[in-house]
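One structure is given below, encoded as structure tokens.
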Amino acid sequence: MSAIAATTAVLLTGAGLLHALWTVSPWPWKTQLDLAHAAMGWTGEEPPGRWFVPACLAVTAALTAASYALLLRAGVWDSPFPDWMVTVAVWTVAGVLLARGASGLLDPGSGSADAPAVYRRLNKRVYAPLCLVLGGLTTVVAAS
């Protein structure tokens, strides 16, 4: 079980680090506007405002906390929290990831038919399937 938790935690942490990188760089895109169009379905003609950096950091923090909870649930580290709290946290992570993945496949525009084509394509081919895989792996850890 710890191998599944560790693998999932590494993937979640990687996604978190990518969001942290986006606070200072649009990589792998050329501009922050390209990043916003491709990664979040931004429809504006200008890059997002001041809220963009805090939003990326919030996602980074959430994914890092999710990774930590998975490793606690699998017993990789001793938990400073009650077992029930870790269990609820991991089930919550699983639910959020599965809901994000399912909604991305059912509604590739994520609620907006105006979302850029690059985002709709990436959402359907990368973001939603990745969330479903991570949600499934997290469910396995949560149920153990």
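See the values below:
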| read-out | value |
| --- | --- |
| FRET efficiency for SER144 and LEU11, using Cβ-Cβ distance with R0 set to 22 Å, rounded to 0.05 | 0.80 |
| Angle in degrees between helix 128-143 and the longest Cα principal axis of the chain, rounded to the nearest 10 | 10 degrees |
| Average Cα contact separation per residue, the range 1-108, under 8 Å, 6 or more apart, as relative contact order % | 33 percent |
| Euclidean distance between Cα centres, the range 74-90 to the range 1-61, Å | 26 Å |
| Solvent-accessible area, 1.4 Å probe, carbon plus sulfur percent, for the range 1-45 | 67 percent |
| Heavy-atom surface of the range 1-113, accessible at 1.4 Å and reported per residue (Å²) | 57 Å² |
| Total formal charge among the other residues, if their Cβ is under 13 angstrom from that of PRO129, Lys/Arg +1 and Asp/Glu -1 | +4 |
| FRET E, pair TRP27, MET85, Förster distance 35 Å, beta-carbon r, rounded to 0.05 | 0.45 |
| Stokes-Einstein translational diffusion, the chain - Kirkwood Rh over all Cα pairs, 0.890 mPa s, 25 °C, in µm²/s | 154 µm²/s |
| Acute angle (nearest 10 degrees) that the helix 52-73 long axis makes with the longest principal axis of the chain, alpha-carbon atoms | 20 degrees |
| Rg to Rh quotient for the range 36-117, alpha carbon positions, Kirkwood Rh | 1.10 |
| Neighbour net charge for GLY104 - beta-carbon separation under 12 angstrom, K R +1, D E -1 | +4 |
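The values are calculated or read from the model by the stated rules, or taken from the named source; none is laboratory data. Fair warning: this is a prediction, and the values are worked out from it, not measured in the lab. Counting neighbours? That spans all protein chains shown, and the Cβs are built from the backbone with ideal geometry, glycine included. Just the protein is used for accessible areas: all its heavy atoms, side chains included, with ligands, DNA and RNA removed. Shrake-Rupley method; radii C 1.70, N 1.55, O 1.52, S 1.80 Å.
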